[in-house]
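What follows is a single structure, written as structure tokens, with notes after it.
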Amino acid sequence: MSNQQVRLKERPIGMTSASTWDITTDDIPEPGPGEFLCKIEYISLDPAMRGWINDVRSYIPPVGLGEVMRAGTCGTVIKSNHPDYKEGDFVVGSLGVQQYAVSDGKFCYKSDTFGLPKEKFLGVLGMPGFTAYFGLLDITNPQEGETLVVSGAAGAVGSVVGQIGKIKGCKVIGIAGGPEKCATVVNDYGFDACIDYKNEDVQQKLKEHCPKGIDIYFDNVGGEILDYCLARIRFKGRISLCGAISQYNSETGPVGPKNYLSLLVNSAKLEGFIVMNYQDRYMEAAKQLGEWMMSGQLKSKETVIEGVDTFPDTFNRLFSGDKLGKLVLKP
Ligand SMILES: NC(=O)c1ccc[n+]([C@@H]2O[C@H](COP(=O)([O-])OP(=O)(O)OC[C@H]3O[C@@H](n4cnc5c(N)ncnc54)[C@H](OP(=O)(O)O)[C@@H]3O)[C@@H](O)[C@H]2O)c1
């Protein structure tokens, strides 16, 4: 038995391609003292991974050339010399794009699966769900009757943000790419409306759906959609700066918002956050998200693609939008 892995071969300019990665095969590692061996069952594909391969200062060091690509994972412990992990434990953690990994438990936690599909622990019940929870509730403090606009609305984070917004009594307008995704956002996730930014006039549709303006904008995409939302932000409005996927593959660097003075004239705020800074509260989010799932108030979808060797193409689906909900790889 061997361990297939994806390693960073070269730093890309713009979109990644097959030449960005090396697909290698190694022996399955043996756990040393205080370590366990995990059979990875699902690998999380996240837009942030594009940032991790740029050689720049960020909230986390860049992945080095030749290293196994960093990724969130979940799987089962199959051998253990670690006092806190035993064979059969289900583990969620950052173990990389590979089939097996040895860990000392750093950046990992054990979880019960509660009989749920394991891939949900990389989506709604994992990092993206926690991002939605803290990025909406902590950063914007949504109130009943407020208008919340969410971009990336059919995605892993955005779909959860909008559903939490509905639970909190907001009017929720999504923005997503294509009629099929917009229909899912409204019919399955219960948003009040969804704007198809690929086929509709976003500015015009925001006027129609948010006649009094926007109280909260949850930004997953940046670019001109951020500008359109800034232009309609209300007095004391809040913008949660979660991500800017439209800018991640730019060859000339990200473009900032033109309409930022709207923050000044509306006494509004735009605040960024990194979910990792909420690590000590992850269990609070997991418990609440789990309860909402069990009560049927929170739904999720996952797109599962098989094979470590499909990683180079599968990763780019995050940027083409060719997937629904949380994108995961089954190695
Ligand atoms: N701050 C944090 O700690 C944190 C943590 C996790 C994620 N994030 C950020 O949250 C955002 C969403 O992440 P996710 O995991 O939920 O990904 P996702 O939404 O599941 O997948 C990415 C989606 O982005 C959309 N997209 C791609 N290119 C776009 C463009 N040029 N303009 C508009 N939309 C585009 C596509 O949907 P369409 O088909 O609808 O275009 C695609 O499906 C990302 O920006 C990510 O970096 C931040």
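The values are calculated or read from the model by the stated rules, or taken from the named source; none is laboratory data. It should be emphasised that the depicted structure is a prediction, and the values quoted were computed from it without experimental measurement. Here the Cβ positions follow ideal geometry from the backbone for every residue, glycine too, while neighbour counts run over all protein chains shown. Surface areas here come from the heavy atoms of the whole protein model, side chains and all, with no ligands, DNA or RNA. Shrake-Rupley method; radii C 1.70, N 1.55, O 1.52, S 1.80 Å.
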>> Quick check on segment 133-183: of everything there that is among the hydroxyl-bearing types (Ser, Thr, Tyr) and open to solvent by 10 Å² or more (accessible area, probe 1.4 Å), which residue is farthest from Ile245 (Cα to Cα)?
In response: Thr147
> Taking into account only those residues within segment 274-300 that are in contact (Cβ under 8 Å) with a residue 40 or more places away in the chain and near the ligand (Cβ under 10 Å from one of its atoms), which is farthest from the chain's Cα centre (by Cα)?
Replying inline: Tyr278
>> If I filter segment 91-132 down to residues being of a type in the set (Phe, Trp, Tyr) and assigned to a helix (DSSP H, G or I), which single residue comes out as nearest to Ile23 (Cα to Cα)?
In response: Phe121
> Do you know which of the residues in segment 74-90 that are in a strand (DSSP E or B) and not hydrophobic (A, V, I, L, M, F, W, C) is least open to solvent (accessible area, probe 1.4 Å)?
Replying inline: Gly75
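Condition check ((1) outside the structural domain of Tyr228 (by TED's automatic domain parsing); (2) assigned to a helix (DSSP H, G or I); (3) over 19 Å from the mean Cα position of the chain (by Cα)) across all residues:
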residue	(1), (2), (3)
Gly135	no, yes, no
Gln143	no, no, yes
Ile164	no, yes, no
Cys182	no, yes, no
Val185	no, yes, no
Glu208	no, yes, yes
Lys212	no, no, yes
>> Show the residue pairs meeting these rules: Cβ distance below 8 Å; 6+ apart or different chains; first residue within segment 234-249 and in the same structural domain as Ser320 (by TED's automatic domain parsing); second residue crowded, with 17+ Cβ neighbours inside 10 Å.
In response: none
>> Can you pull out every residue in segment 1-43 that is at positive phi and assigned to a strand (DSSP E or B)?
In response: none
